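A short reminder: the numbers here are calculations on the coordinates, not readings from a lab. Nothing here was measured: the structure is a model prediction, and the numbers come from that model. Cβ atoms come from the backbone with ideal geometry, glycine included; neighbour counts cover every protein chain shown.
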Amino acid sequence: MTPAGTPTGPTGPTGPTGPTKPTGPIQASGPTRPTAASAAEPAASAASAASAVSAASAASAVSGVSAVSGVSAVSGVSGVSAAPVRLVLCDDHAVVRAGLRALLGSDPGVAVVGEADSGAEAVALAAKLAPDVVLMDLQLGAGMDGVEATRRITAASGGSVHVLVLTTYDTDADITRAIEAGATGYLLKAERPDELFTAIHSAAAGRTALSAPVAHRVMARMRSPRPTLTDRERDILGQLSRGLTNRDIAKALFLSEATVKTHLGRVYDKLGVDTRAGAVAVAKEQRLLP
């Protein structure tokens, strides 16, 4: 027994009750260690963001090219070529070529790669440079005209070089001759610059481009067929275009002058004219001469 008065030693302070021991493995109280899947998420997010930025940049770039190229929805162009349209100018007036070159230089979608002041030079340049488009005037002074140059260029290139006529002439005869020679489009010099740009891009893509007045004339001709002349009337009209008198025509065709006058009267009625000069002019315009 413990003697009386002997102090009992302190049992010590009771230790604080700790947390209940978990039955499973101890989990670290610090931050959770990332798994492989969670580690990949930031990379995936970064890649997604980069892809979005890239797509937005590409869309912006394409939109910019479409805007400056002058291609409109009206022209039917869907898509933009990465390279500019390579173009050769053909006009016999140096001042006109200089003005066109300066104008076309304002469009990054067009690159003037050559100039010609004659039909023969245009044919040679088209063969040498193989441009996308030749911007062709019709009246080129002495020598080969624009229609013949157009025919040779389209034939030699197999249609890969497109000719866009740019002229001041809008007669039925000029339009018909140019289109029959293979011209992809026919534009008047009175058009606005943006219409010229649109026509160039349309022609480069092989699509027909016509000025509104030209398109109107083409449609009018299709709705109003050419007058029908007999073979004899065509013969007399051909002689008339050579400047022969009624007497000379009668001798050339072994007819009497009275017969020639009768046929000429019928020709005048069919063509809607009342003079020899008028008959020849309409015949040329409507390609009625033999």
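Starting from the Cα-Cα distance between residue 248 and residue 231, subtract it from 0.36 nm times their residue separation and give me the gain in nm to one decimal. Taking residue 248 through residue 231 to full extension adds about 4.3 nm, to one decimal. Taking 7 Å steps out from each Cα toward its Cβ at residue 106 and residue 168 produces label points 2.2 nm apart.
Calculated on the alpha-carbon coordinates, the convex hull of region 96-183 measures out at 92 cubic angstrom per residue.
Quick check for you: which residues of region 105-145 have the amide N under 16 Å from the point 7 Å beyond the Cα of residue 98 toward its beta carbon? Those under the cut-off are 105, 115-117. Counting only residues at least eight positions apart within a chain, or on another chain, the lysines with an alpha carbon under 20 Å from that of residue 270 are 261, 284. With a Förster radius of 35 Å applied to the beta-carbon distance between residue 269 and residue 191, the computed FRET efficiency rounds to 0.40. Rounded to two decimals, the Cα-based Rg/Rh of region 164-290, with Kirkwood Rh, is 1.13.
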